[in-house]
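Reviewing the structure listed below.
The values are calculated or read from the model by the stated rules, or taken from the named source; none is laboratory data. The structure presented is a predicted model; accordingly, all values stated were derived computationally and were not measured. Note: ideal-geometry Cβ built from the backbone for every residue, glycine included; neighbour counts use all protein chains shown. All accessible areas refer to the heavy atoms of the entire protein, side chains included, with ligands and DNA or RNA removed. Shrake-Rupley method; radii C 1.70, N 1.55, O 1.52, S 1.80 Å.
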Amino acid sequence: MIKMKSFLLVTAIVVTLGCASTIDPGDEGSGTYTWKTRELSGTFPGALLDVSSAAERAFEDLRLVGVDQVVDGLKGKVTASTADGSKVRIKLKAMDFENTRFNIKVGTFGDKAMSQQVARYIARELAEGQ
């Protein structure tokens with residue numbers, strides 16, 4: 001009986017912490033949502049400043065409030081809030097001149113669907129900006 005409980009506990013921990021699902025936020029990028037960090041991570045094709053501008057426009061399209069952008073040439077962060085007060089945070093890091101790494105987290109405990117929606121809007125803004 002103890003062995004069975006231990007096995008079930010270990011299995012539950014491995015399933016909970018090891019789960020990651022790959023999504024395609026659009027034609028312009030791809031990412032992976034990890035349940036451990038509760039954020040969507042991936043790479044967008046585009047310079048850091050272009051991606052941060054696209055993120056700001058995507059936030060405006062999504063009608064998020066309190067958009068704040070802090071970006072330099074190497075990394076940055078774009079934050080806003082949803083109507084219910086949940087924080088939406090995008091961390092950006094320049095990989096090279098043509099690719100930018102992103103991490104998107106919605107709320108304290110993460111929201112996979114909303115993170116994917118934000119990524120799709122950013123991908124669309126990047127495609128329209130070219």
Does Thr100 count as without any contact (Cβ under 8 Å) to a residue 24 or more places away in the chain, hydroxyl-bearing (Ser, Thr, Tyr) and at negative phi?
no
Every pair of residues 6+ apart whose Cβ atoms lie under 6 Å, when the first sits in region 107-128 and is free of Cβ contacts under 8 Å to residues at least 40 places away in the same chain while the second is buried (at least 20 other Cβ atoms within 10 Å of the Cβ)
Met114/Val106
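Residue under question is Arg120, and the condition is that it be assigned to a strand (DSSP E or B) and not acidic (Asp, Glu); does it hold? Explain how you work it out, then say what you get.
On the way: assigned to a strand (DSSP E or B): no; not acidic (Asp, Glu): yes.
No.
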So Arg120 clears everything in (1) in contact with a strand residue (DSSP E or B) (Cβ under 7 Å, 6 or more places away or on another chain); (2) open to solvent by less than 50 Å² (accessible area, probe 1.4 Å) except one condition, right? Which one?
(2)
Regarding region 76-88, can at least one residue be identified that is surrounded by fewer than 16 Cβ atoms within 10 Å (Cβ to Cβ), within 15 Å of Gln117 (Cα to Cα) and of a type in the set (D, E, K, R)?
yes
Verdict on Asp96 being open to solvent by 60 Å² or more (accessible area, probe 1.4 Å), in a loop (DSSP other than H, G, I, E, B) and either closer than 21 Å to Gly129 by Cα or not aromatic (Phe, Trp, Tyr) (or both)
yes
Taking region 8-62 as the search range and keeping residues that are at pLDDT below 85, closer than 24 Å to Leu126 by Cβ and outside any strand (DSSP E or B), which one is farthest from the chain's Cα centre (by Cα)?
Asp27
What's the total number of residues in region 31-55 that are open to solvent by 50 Å² or more (accessible area, probe 1.4 Å) and hydrophobic (A, V, I, L, M, F, W, C)?
2
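Please verify whether Ala127 is crowded, with 22+ Cβ neighbours inside 10 Å and within 14 Å of Arg57 (Cα to Cα), treating the condition exactly as stated.
Details: crowded, with 22+ Cβ neighbours inside 10 Å: no; within 14 Å of Arg57 (Cα to Cα): yes.
Judged against the criteria, Ala127 is not a match.
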